[in-house]
Amino acid sequence: MSVSRIGSTSSIAEERLKIILVQDRSMLPPTKFEHVKEDVIDTIGNYFEINKADILLIIQRESKKTALEAIVPILSVKRKIR
Amino acid sequence: MGRTIVVTAGKGGVGKTTITANLGASLSKLGNKVVVVDMDIGLRNLDVVMGLENRVVYNIMDISDGKCKINQALVRDKHSPGLFLLPASQIHTKDDINIDKIVDIISTIESSFDYVLLDSPAGIEKGFESAAAPAKEALIIVTPDVSSVRDADRVIGILENRGILAIALIVNRYDYGLVRRKKMLNTDSIVDILGLDLIGMIPEDKMIIESNNRGELLANYANGSIANKAFENISRRIEGEDIPFLNFKPQGKGFFGLFRREE
């Protein structure tokens with residue numbers, strides 16, 4: 001493609017769209033997000049002793065990245081895995 | 001048993017009504033019995049696009065309220081004998097819609113027609129829900145711009161969650177010149193981003209404005225126009241034929257936006 005990027009506004013539109021849609025698609029309705037949270041807590045709880053009330057689960061959105069971030073304080077490691 | 005297809009977009013003003021009406025005409029020209037249903041309750045427009053505004057007696061809400069039978073509300077098209085319009089009400093709002101009743105009405109109509117095309121209103125609220133509820137398939141209309149594609153993406157997600165998996169894409173108001181000069185999103189990018197099968201591209205065509213002014217459909221009024229050729233091809237693809245996409249490259253001096261198909 002020999003067209004200079006400066007003149008190619010369609011490429012700019014395409015890039016913007018891709019970023020917008022990653023963000024849009026990662027936004028879950030509140031009930032679904034609760035399910036994700038419960039599943040994460042249950043799975044981690046199989047291996048570590050955790051305090052459910054202290055868990056922080058958020059979706060971080062920056063201009064070009066989206067990430068699911070979970071902060072799970074660990075009280076102890078379980079000997080037997082459930 | 002007919003096919004019930006919702007024509008929707010999320011975004012307003014992208015051409016849902018114009019496309020529903022013209023596709024209805026093209027499908028009926030192929031020998032099908034078609035009903036186009038205006039689901040924009042309170043803001044009816046399908047009648048106007050088809051030039052049938054003086055022939056509307058009953059509408060879908062009258063059927064729903066038990067004031068008339070389905071047959072009494074159907075308006076036969078002026079030109080195409082196999083094409084019928086089920087108008088929307090102009091006095092109700094979306095809040096008045098009883099979705100279960102709408103589903104029943106469409107289900108009854110389905111059994112006597114080959115195609116039921118549901119013209120969805122813009123948005124993702126009750127109007128859209130009531131248009132999508134009776135549908136088994138969907139046509140998503142986008143124009144080549146960021147807003148339209150973004151909105152379409154959300155609508156596709158909603159439709160898939162409701163179990164409508166037969167979803168195809170129409171790109172409307174395509175401008176070959178702008179796309180070639182990389183000033184307009186091209187169809188491949190849109191198809192890639194949305195992850196849908198493309199069923200057609202409809203070029204910007206001034207005949208659409210003129211036929212709309214007159215309340216005529218391209219299949220009858222401007223049957224040689226490039227947009228009508230696109231509608232014909234889309235109808236044939238809907239019927240299962242494998243038709244190559246039109247090449248919108250202008251022949252010779254493309255003036256007044258008249259594009260001819262490259263032979």
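Taking the 0 to 90 degree range and rounding to the nearest ten, how far is the long axis of helix A:9-26 tilted relative to the main principal axis of chain A, both from C-alpha atoms?
The angle comes out near 20 degrees.
For chain B, which DSSP H helices look membrane-span-like by this rule: Cα extent along the axis of 20 Å or more and mean Kyte-Doolittle of at least 0.0?
Qualifying helices, which must be both long enough and hydrophobic enough, are B:146-161.
How far is it, in nm, from the label point at B:Q72 to the one at A:T31 when both lie 7 Å from their Cα along the line to the Cβ?
In this crude label model, B:Q72 to A:T31 measures out at 4.0 nm.
To the nearest hundred square angstrom, how large is the accessible surface buried between A and B, total for both chains, probe 1.4 angstrom?
Counting protein atoms only, the buried area is about 1300 Å².
Can you show me the helix-derived [θ] at 222 nm for the protein assembly as shown, built from DSSP H runs with n ≥ 4 at -39,500 (n - 2.57) apiece and divided by the number of residues, rounded to the nearest 500.
Calculated from helices alone, the mean residue ellipticity at 222 nm is -11500 deg cm²/dmol.
Could you work out how far the C-alpha centroid of the range B:166-200 sits from that of the range A:47-80, in angstrom?
41
Hey, which aspartates and glutamates would be in cross-link range of B:K183, C-alpha to C-alpha under 17 Å, not counting anything within fewer than 8 residues on its own chain?
Straight-line reach from B:K183, under 17 Å: A:E14, A:E15, B:D145, B:D175, B:E204.
For B:I190, B:I209, what's the largest-to-smallest order of accessible area, 1.4 Å probe?
B:I209, B:I190
Tell me, which residues of the range B:191-215 get at least 20 Å² less accessible area when the other protein chains come in, versus the chain alone (1.4 Å probe)?
B:I193
Go through A:D24, A:D54, B:D77, B:D95 and list them by solvent-accessible area, largest first, probe radius 1.4 Å.
B:D95, A:D54, A:D24, B:D77
So for B:M207, B:M50, what's the accessible-area order with a 1.4 Å probe, most first?
B:M207, B:M50
Post the alpha-carbon centroid distance, the range B:6-55 to the range B:120-160, in whole angstrom.
One Cα centre to the other: 15 Å.
Measure off, as a whole percent, the carbon and sulfur share of the 1.4 Å-probe accessible area of chain B, all protein chains present.
Roughly 45 percent of what the probe reaches on chain B is carbon or sulfur.
Output needed: percent of Cα pairs per 10 Å distance bin for chain B, bins running from 0 to the one holding the longest distance.
Values per bin, smallest distances first: 7, 32, 37, 19, 4, 0.
Measure of size requested: the Rg and Dmax of the protein assembly as shown, with Cα atoms as the atom set and Å as the unit; please supply both.
For the protein assembly as shown, the Cα-based Rg and Dmax read 24.0, 80 Å.
What accessible area per residue, rounded to a whole number of Å², is obtained for the protein assembly as shown using a probe radius of 1.4 Å?
52
Which value, in Å² rounded to 10, gives the accessible area of B:E204 with a 1.4 Å probe and all protein chains present?
Roll a 1.4 Å probe over it and B:E204 shows about 80 Å².
Return the tail of the calculated pair distribution for the range B:1-72, meaning the percent of Cα-Cα pairs more than 19 Å apart.
Counting every Cα pair in the range B:1-72, those more than 19 Å apart make up 41 percent.
Starting from the Cα of B:E160, step 7 Å along the direction of its Cβ; do the same at B:D197; then give the gap between the two resulting points in nm.
Going by the 7 Å Cα→Cβ label model, 1.6 nm.
The values are calculated or read from the model by the stated rules, or taken from the named source; none is laboratory data. Keep in mind the model is a prediction, meaning the values are calculated, not measured. Here the Cβ is made from the backbone with ideal geometry for all residues, glycine too, and neighbour counts use every protein chain on show. Ligands, DNA and RNA are stripped out before the accessible areas are found, and what is left, the full protein with its side chains, is counted by its heavy atoms. Shrake-Rupley method; radii C 1.70, N 1.55, O 1.52, S 1.80 Å.
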